[in-house]
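In what follows, a single structure is set out as structure tokens and then discussed.
The values are calculated or read from the model by the stated rules, or taken from the named source; none is laboratory data. The shown structure was predicted, so the numbers you read here are calculated from the model rather than taken from an experiment. Please note: Cβ atoms are built from the backbone with ideal geometry, for glycine as well, and neighbour counts cover all protein chains shown. Surface accessibility is based on the protein's heavy atoms, side chains included, excluding ligands, DNA and RNA. Shrake-Rupley method; radii C 1.70, N 1.55, O 1.52, S 1.80 Å.
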Number of protein chains: 2
Amino acid sequence: MQVKVLLNEDEIPRQWYNLAADLPTPMQPPLGPDGNPITPDMLAPVFPMNLIEQEVSSERWIDIPEEILEILYRWRPAPLHRAHFLEKALDTPARIYYKNESISPPGSHKPNTAVAQAWYNKQFGITRLTTETGAGQWGSALAFACSLLGLECKVYMVRISFDQKPFRKTMMETWGANCVASPSTETKAGNDILAKLPDTPGSLGIAISEAIEAAVTDETGKSRYSLGSVLNHVLLHQTIIGLEAKKQLEKIGEKKVDVVIGCAGGGSNFSGLAFPFVQDKINGAEIDIIPVEPTSCPTMTRAPFAYDHGDTAMMTPLLPMHSLGHEFIPPPIHAGGLRYHGIAPLVSQAIVEGLINPRALDQLESYQAAVLFARTEGIIPAPETSHAIATVIQEAKKAKEEAKEKVIIFNFSGHGLMDLTGYEKFFSDQLVDYPLPEDELQKSLKSIENLPKPEAAKSGRW
Amino acid sequence: MQVKVLLNEDEIPRQWYNLAADLPTPMQPPLGPDGNPITPDMLAPVFPMNLIEQEVSSERWIDIPEEILEILYRWRPAPLHRAHFLEKALDTPARIYYKNESISPPGSHKPNTAVAQAWYNKQFGITRLTTETGAGQWGSALAFACSLLGLECKVYMVRISFDQKPFRKTMMETWGANCVASPSTETKAGNDILAKLPDTPGSLGIAISEAIEAAVTDETGKSRYSLGSVLNHVLLHQTIIGLEAKKQLEKIGEKKVDVVIGCAGGGSNFSGLAFPFVQDKINGAEIDIIPVEPTSCPTMTRAPFAYDHGDTAMMTPLLPMHSLGHEFIPPPIHAGGLRYHGIAPLVSQAIVEGLINPRALDQLESYQAAVLFARTEGIIPAPETSHAIATVIQEAKKAKEEAKEKVIIFNFSGHGLMDLTGYEKFFSDQLVDYPLPEDELQKSLKSIENLPKPEAAKSGRW
């Protein structure tokens, strides 16, 4: 009984897949403060030009530099597991597969893009990267990548997480990064907030503002900002996951995938597995492709396709995406990586095109699924990953009802060893669900009411 | 540039290697309370007979049941990494390799024997296993194994660790185990201690006593005790590490290994990698084989080869091993897995035979090595593993001085993600070394003065 499929280093995909090249209608551009499309030059103080080129590229395949592959080889290609034991527990005719991204040294899929971004920045002569982190998964991945490439790394970590999860800070420091609580006294953005709200727990929006400011105000010109999700080039770097998965399925003679599932906060984990399958769907394959989000932060399932800022402080360009409004503050669910008011524009466009079908789930159902997974397959999932697993279980039960031998694949985006507090609360019945009330949704959406609308929204397709 | 060597599932070793079959002089038997060798029957209330048979076996090769392999396939065969980046940082002509045992779901090599022990117990009709754990690595591994095999698992966790590391308890609970602080009020041993010392932080010795009592007093007869190191059958199960490593080295044409290194607390991690190479040495190969321990607990480098109890409460048989005395209480170094007064009898015998050459290291040197490793190879090591890495660095520097292209291999026994407190203290200069003063050693050795002496010790070979 084969429980996992490996690839050797020489079988690793050597190009990333760019969904933008295949979408039926072209992507709509980000807009500047004046409402006009922004130009690559306008992004130059924030990102290096080689990554900006990837961000706006419409090439279908983009070569992965050999030096990036050599760093990824430390843990890639990642194994594809057959979930025999979960299948047995569910008594389902479905064959369930998962890519195991938890075996990367920081424990998630995030290093796939962290390594690529650090490498391109280094190529461009950059010596220092700044970023924000919430629960710490992204900050850890960038610290790891910068360490291996010899770049400085500065992380602004949301104050409440900084206090609650000191181990994430230590992890980043072990990889040589400097991590401070946000808001900090090191930036104007941080000081402004602290003057008004000295006891604020911080937010991802504030931390992004600090990290961007720290990059653009560095007088040496050798600092840039790095983002862990949402943007096109970030999603691009993650497609190595799905491309590997396809090779692995082919290797064991699995010809047809019926359901593809990934949890989605900013969208990079979902896209990494799913976009190569979205291409198949565009080319005529029948596949149900499901990004999963929490009911407490229902960006894809209940928010409109709109133009909105990526951060609370409105420092970023307007992005065409489903958004709950940049003032939305998600409830304190444990899946910190899914607490984001927007979603990647490429994911949004795929929703608008009807290529993918988002679903929302409660956290209690997700924790139940996570515990079943840990006790059958053996790996303790991150709280974000658990949302995908709960959806897999729903689909596996459906396959049983329909008596269909479906092939289901999902991305096991990370392990939960750094997030055991959530499990502790789950076992002691301290967790609750937070489905978003309609009036709160409407109130939050007011912040985007007067912003420009994307074409698809205007045409009434959403 | 190849950075790791994989094996497919069908290349996994199908037999364990038993060093006892090849040692130049036969192992000396454990002794009962009367000073006479114990018989298998005397161990029957504690261990199932199929494991007792392995414990006393002198067969060189023992088949690994297919059902055990099917569980190990979740993460095995484990990758063999070439430490290109550490080599570069050290500017050494040595080629450094490491087996990456940190990719198992509990994060260490411990599941190799946990799965085997749980399976043999289940075969024997046992439904519940009891054990002790210090820092939590072993308890987690047994909880994991019992979960996958459908056994109950009860873990007595040393009180001070239970309080300091609540995440380990949550990890075990996620896998369905019941974990209580030791001393507990659930056993006579625990109550006796609590009556005398209500505020005791506990010890591994007390926890072992509780776990054994819980197994032997279960009136259903369906409970047994499980140990994570020291015993012959435990070391046997770990030899899959070294057997895989040899296949992997062969695959890349690496014909001669010069140095083999592993950290050693009870000895199972070291033995797992090293024993298959000890066999080569017995057969004439020139290999330097180095088990590494902390200077604060110098069992192999400064203690005599003696007969001693495995626990503080003297409940276990007398084992022929190097021992600091069963009353020895190691200082609070962070490598909890290396804080043990004795060492596996098979390791002791190999020392006495001159087959392996133990070394002791300070914890500060180990943490320095761990940080260099994290920043070059990318994986954050467990504090135990760091002792092996520091020794690798010593040997790689020596190879540079001698201008020799040596091949060095070590076991990366586990990641440090559950032990980041030690790194935090290291970075804030709160860690110190605790080399054992000679007078404390002599004082501790008094507890074994009047116990029987093994033959080798009598003959003056030690």
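Points to keep in mind about this one:
- Residue under evaluation B:Thr421, criteria (1) touching an Asp or Glu at 6+ places or on another chain (Cβ under 8 Å); (2) in a helix (DSSP H, G or I); (3) open to solvent by 10 Å² or more (accessible area, probe 1.4 Å), criterion not met: (1)
- One residue from A:Leu361, A:Leu346, A:Leu355, A:Leu417 being within 14 Å of chain B (Cβ to nearest Cβ) and in contact (Cβ under 8 Å) with a residue 24 or more places away in the chain: A:Leu417
- Residue count, the range A:263-287 (criterion: surrounded by 24 or more Cβ atoms within 10 Å (Cβ to Cβ) and either within 17 Å of A:Asn232 (Cβ to Cβ) or in contact with a Gly (Cβ under 6 Å, 6 or more places away or on another chain) (or both)): 13
- Condition check for A:Asn450: open to solvent by 10 Å² or more (accessible area, probe 1.4 Å) and polar (S, T, N, Q): yes
- Of A:Ile71, A:Ile52, A:Ile62, all but one fail to be in contact with a Pro (Cβ under 7 Å, 6 or more places away or on another chain) and of a type in the set (A, V, I, L, M, F, W, C); the exception is A:Ile52.
- In the range A:1-50, of all residues being of a type in the set (D, E, K, R), within 14 Å of chain B (Cβ to nearest Cβ) and open to solvent by 30 Å² or more (accessible area, probe 1.4 Å), the one that is farthest from A:Ile448 (Cα to Cα) corresponds to A:Asp10.
- Verdict on B:Val352 being open to solvent by 10 Å² or more (accessible area, probe 1.4 Å), in contact with a Phe, Trp or Tyr (Cβ under 7 Å, 6 or more places away or on another chain) and of a type in the set (Val, Ile, Thr): yes
- Residue check for A:Ala350: in contact with a helix residue (DSSP H, G or I) (Cβ under 8 Å, 6 or more places away or on another chain) and outside any helix (DSSP H, G or I): no
- Residue match in the range A:390-412 (condition: open to solvent by 10 Å² or more (accessible area, probe 1.4 Å), more than 18 Å from A:Tyr97 (Cα to Cα) and outside any helix (DSSP H, G or I)): yes
- Out of B:Ile68, B:Ile62, sole residue that is in contact (Cβ under 8 Å) with a residue 24 or more places away in the chain, of a type in the set (Val, Ile, Thr) and part of a strand (DSSP E or B): B:Ile62
- Among (1) within 14 Å of chain B (Cβ to nearest Cβ); (2) surrounded by 16 or more Cβ atoms within 10 Å (Cβ to Cβ) - the single one A:Ser428 does not satisfy: (2)
- Hey, A:Ser147 of a type in the set (Gly, Ala, Ser) and closer than 27 Å to A:Gln28 by Cα or not: no
- Unique match (being open to solvent by 20 Å² or more (accessible area, probe 1.4 Å), of a type outside the set (A, V, I, L, M, F, W, C) and touching a strand residue (DSSP E or B) at 6+ places or on another chain (Cβ under 7 Å)) among A:Thr316, A:Thr312: A:Thr316
- Filter result for A:Gly150 (at positive phi and either in contact (Cβ under 8 Å) with a residue 24 or more places away in the chain or open to solvent by less than 50 Å² (accessible area, probe 1.4 Å) (or both)): yes
- Residues that are more than 11 Å from every other protein chain (Cβ to nearest Cβ) and modelled with pLDDT under 95 number at least 2 in the following helices (runs of 4 or more DSSP H) confined to the range A:82-171: A:159-164.
- B:Val371 falls short on exactly one of the conditions (1) within 14 Å of another protein chain (Cβ to nearest Cβ); (2) outside any helix (DSSP H, G or I); (3) open to solvent by 10 Å² or more (accessible area, probe 1.4 Å), and that condition is (2).
- Residue match in the range B:238-250 (condition: open to solvent by 10 Å² or more (accessible area, probe 1.4 Å) and free of Cβ contacts under 8 Å to residues at least 12 places away in the same chain): yes
Yes/no per residue for (1) more than 30 Å from B:Asn36 (Cβ to Cβ); (2) at pLDDT below 95:
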residue: B:Thr385; (1), (2): yes, no
residue: B:Ala403; (1), (2): yes, no
residue: B:Ser413; (1), (2): yes, no
residue: B:Leu417; (1), (2): yes, no
residue: B:Pro435; (1), (2): yes, yes
residue: B:Pro452; (1), (2): no, yes
residue: B:Trp462; (1), (2): no, yes
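- Note on the range B:173-213: residues that are without any contact (Cβ under 8 Å) to a residue 60 or more places away in the chain, more than 14 Å from B:Leu142 (Cβ to Cβ), in a loop (DSSP other than H, G, I, E, B) and open to solvent by less than 50 Å² (accessible area, probe 1.4 Å) total 5.
- Check on B:Ile333, in contact (Cβ under 8 Å) with a residue 40 or more places away in the chain and in a loop (DSSP other than H, G, I, E, B): yes
- For the range A:20-59, the tally of residues that are touching a residue at least 60 places away in the same chain (Cβ under 8 Å) and assigned to a strand (DSSP E or B) stands at 1.
- Flag for B:Arg128 being touching a residue at least 60 places away in the same chain (Cβ under 8 Å) and crowded, with 23+ Cβ neighbours inside 10 Å: no
- Single residue of A:Arg60, A:Arg95 found to be open to solvent by 30 Å² or more (accessible area, probe 1.4 Å) and within 30 Å of A:Ala370 (Cα to Cα): A:Arg95
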